[in-house]
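Below: the structure, in structure tokens.
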Amino acid sequence: QVQLVESGGGLVQAGGSLRLSCAASGRTLSSYTMGWFRQVPGKEREFVAAIRRSGLNTDYVDSVKGRFTISRDNVNNTALLQMNNLKPEDTAVYYCAASARAWPIDAQSEYDYWGQGTQVTVSS
């Protein structure tokens, strides 16, 4: 069992930056692909980014490419999402997730563990 806790959300102006962290306990994160998803009320949860167990491969939804960077620290059992040049349309609750399945993984149904989410609000 893996417990995931996100932090780092908040309110920021358009063009600003935030860094989300996902701290894991229970098992080492090096055994899992890590992903970030986001959800706004009334919409489906959307894939944002994922990083392979080794950290050598990443994947992003087109709308965040060039602005967001996913990384991981397997020693400290954390996953990070650096978000730059934020836009109002990035406003959502952001969730981190862990998957034991083979890469690539961008479907939420393929993730086994989820955090509780952290709110990101970008004002225009």
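Annotations
- Ellipsoid equivalent to segment 69-124 - semi-axes via the Cα gyration tensor, in Å: 23, 14, 11
- Rg ratio (alpha-carbon, reference 2.2 N^0.38 Å) - segment 11-121: 0.99
- Segment 1-51 - convex hull of alpha carbons, volume per residue in Å³: 116
- Backbone geometry of segment 112-123 corresponds, through the Karplus equation with coefficients 6.51, -1.76 and 1.60 at θ = phi - 60°, to 3J(HN,Hα) couplings of 9, 10, 9, x, 8, x, 9, 7, 10, 10, 10, 8 Hz, x marking Gly and Pro.
- Rg over Rh for segment 38-84 works out to 1.01, using Cα positions for both radii and the Kirkwood form for Rh.
- Paramagnetic reach from residue 30 in segment 50-79 [backbone N under 13 Å; point 7 Å along Cα→Cβ]: 53-55, 73-78
- Gained length - residue 7 relative to residue 112, 0.36 nm times residue gap less alpha-carbon distance: 35.8 nm
- Between segment 1-47 and segment 69-124, the Cα center-to-center distance that results, in Å: 3
- Accessible surface, the chain, averaged per residue in Å² (probe 1.4 Å): 49
The values are calculated or read from the model by the stated rules, or taken from the named source; none is laboratory data. Just so we're clear, the structure is a prediction, and the values are computed from it rather than from any experiment. Note that each Cβ is placed from the backbone with ideal geometry, even for glycine, and that neighbours are counted across all protein chains shown. Surface accessibility is based on the protein's heavy atoms, side chains included, excluding ligands, DNA and RNA. Shrake-Rupley method; radii C 1.70, N 1.55, O 1.52, S 1.80 Å.
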